[in-house]
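Novice: Quick one: the structure is below, questions incoming.
The values are calculated or read from the model by the stated rules, or taken from the named source; none is laboratory data. None of these values were measured; they are calculated from a predicted model. Note: ideal-geometry Cβ built from the backbone for every residue, glycine included; neighbour counts use all protein chains shown. Just so you know, the surface numbers come from the protein's heavy atoms only, side chains and all, with ligands and any DNA or RNA stripped out. Shrake-Rupley method; radii C 1.70, N 1.55, O 1.52, S 1.80 Å.
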Amino acid sequence: MKKTLLSLAATVAASVALTACAGGSSTPAPTSDAPLDKEANASKSITLWLAGGDTPDELRTYLKDTFKEQTGATLKIEEQGWGDLVTKMTTALPDANNTPDVVEMGNTQSPTFTNIGAFLDLSDMYEELGGADLIPSFVEAGSVDGAKFTLPYYAGSRYMFNRKDLWEEAGVQTPTTLDEFNTAVKTITEKNPRDIKNFSGFFLGGQDWRNGVSWIFANGGDLAKKDGDQWVSTLADENTLKGLEQLQDLYKNASKAPSDAKDVTPWLYINDADQILDEEGKPTGKTSLSAATIMAPNWARWSIGDLTKVDGKDAREWNDETFGIFALPGNDGNPAPVLAGGSNIGISAKSQNPELSKELMRIIFSEEYQNMLGANGLGPANLKYSSSLGDDQFATTTIEAMKNSKLTPAAPGWAAVETNLVLEEFFGKIESATDLKALAEEYDAKITPMLNLK
């Protein structure tokens, strides 16, 4: 049975019996400068948990082969689904006999576990693994009182994908400010040049807070802030409310997306036709063109385009005549702050093979692997290698959008907020709210206690 989220962070804290000090830091495992004994390691293995399918098979094979070559030991890779990752980490990390040695987690999930000492202190490796060249906001999400427990694995950024043909047919130009964008997508919705049923100038799911939060950030608002020793939810702050008012306008006048739609597969509605697939890849329904614009992570490009065949399998081929991309503009004409996608990675404090786990971290943060991440469209953790993303429109727009990207609050209980879908619930009420400030105050009162759970 899954735990309720209100008790999740508290359960994690109670169940993870670690050598944690006040403030969340844990005692680093002893290190050795002795060379690795490959022969002695031949019977040893460590386990890496990867979240979801973003790490391509080519990179997984590289990690296994390189780890074997350099250490003599075996690397086992287990893929965990995003939906129950926090619950599995809660169960596995305290158990020395069953803990994964190295774990990838969402950057927004990291604070809950770093604050209760679930990961090994990597401060002594920080400079070796990249130091100040590592994505600062991700490092912050994995730190407690200056100690580094998890570090960036890869980053992605969100930007706009649009149907250039529909924008042109509606007589609308690419916007340079946020107000221009809001006006443009409302205009496209109103004109609906092809008379499409349930047509959205901008498809934004009613519960899609991960994209919607950009309007909050663009107006100087935030989801939460630290006040002294406590975190407080800030949905009712003046600047946050400005963004919420713009979102309400978009929900009413630009988007026909379902009120319960989240940030999953919006590209289905910008393609001419597509299939809805279940978790096993089996078709469960069909969609047709119903949106002129979506917001999605940069890797969505591989799911957008004309339908074609590659090695006998359906694939998408980008068509510059039909599709376009641009960074969401902010109020000042520079890219608006968007929620950075991506993951952090760390070594379990209960790992029985910390030295071998550190060797895997050295491989992951090596120049070769960082460049491999970039070549596969995943933003390298080390910004020195961001050029590996390429120099085409997708790479330059990704880098442009990443410059102002932000993360969710590094509060110890943030994972509780996410896992309990509290923001989905709040955003789902924005369109119909008659008093946005009262709604925001209601959810501030609900979220603030959760932020401080340990």
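Novice: When you go through Gly106, Gly117, Gly72, Gly53 one by one, which is the residue that is open to solvent by less than 60 Å² (accessible area, probe 1.4 Å), in contact (Cβ under 8 Å) with a residue 24 or more places away in the chain and touching a Gly at 6+ places or on another chain (Cβ under 6 Å)?
Specialist: When all the criteria are applied, what remains is Gly117.
Novice: Looking at (1) in a loop (DSSP other than H, G, I, E, B); (2) modelled with pLDDT of 90 or more, which one does Leu453 not meet, given that it meets all the others?
Specialist: Every condition holds for Leu453 apart from (2).
Novice: Within the stretch 75-91, how many residues turn out to be of a type in the set (A, V, I, L, M), in contact (Cβ under 8 Å) with a residue 40 or more places away in the chain and out of contact with any Phe, Trp or Tyr (no Cβ under 7 Å at 6 or more places or on another chain)?
Specialist: Adding up the residues that qualify gives 1.
Novice: Does the stretch 430-448 hold any residues that are under 27 Å from the mean Cα position of the chain (by Cα), surrounded by fewer than 18 Cβ atoms within 10 Å (Cβ to Cβ) and among the acidic types (Asp, Glu), and which are they?
Specialist: Once the filter is applied, which keeps residues that are under 27 Å from the mean Cα position of the chain (by Cα), surrounded by fewer than 18 Cβ atoms within 10 Å (Cβ to Cβ) and among the acidic types (Asp, Glu), the stretch 430-448 yields Glu431, Glu441, Glu442.
Novice: With (1) on the phi > 0 side of the Ramachandran plot; (2) touching a Phe, Trp or Tyr at 6+ places or on another chain (Cβ under 7 Å); (3) outside any strand (DSSP E or B) as the list, and Ala401 as the residue in question, which single condition is left unmet?
Specialist: Result: Ala401 fails condition (1) only.
Novice: May I ask you to say which residue of Leu373, Leu389 is modelled with pLDDT under 95, open to solvent by less than 60 Å² (accessible area, probe 1.4 Å), of a type in the set (A, V, I, L, M) and in contact with a Gly (Cβ under 8 Å, 6 or more places away or on another chain)?
Specialist: Just a single option satisfies the conditions, and that option is Leu389.
Novice: Can you go through Ala395, Ala411, Ala416 and tell me which one is part of a loop (DSSP other than H, G, I, E, B), touching a Leu at 6+ places or on another chain (Cβ under 6 Å) and aliphatic (A, V, I, L, M)?
Specialist: Ala411
Novice: Follow-up. If we keep just the residues of the stretch 82-100 that are open to solvent by less than 10 Å² (accessible area, probe 1.4 Å) and in a loop (DSSP other than H, G, I, E, B), which is farthest from Gly156 (Cα to Cα)?
Specialist: Residue satisfying both the conditions and the ranking: Leu93.
Novice: What is the residue count in the stretch 120-142 for residues that are without any contact (Cβ under 8 Å) to a residue 40 or more places away in the chain and among the aliphatic types (A, V, I, L, M)?
Specialist: 2
Novice: OK, next. Can you say whether Glu104 is within 14 Å of the chain's Cα centre (by Cα), at pLDDT 90 or above, of a type in the set (Asp, Glu) and not in a helix (DSSP H, G or I), as far as the supplied structure shows?
Specialist: yes
Novice: Testing Val422 on (1) closer than 21 Å to Thr174 by Cα; (2) crowded, with 19+ Cβ neighbours inside 10 Å, one condition comes back false. Which one is that?
Specialist: The one condition Val422 does not meet is (1).
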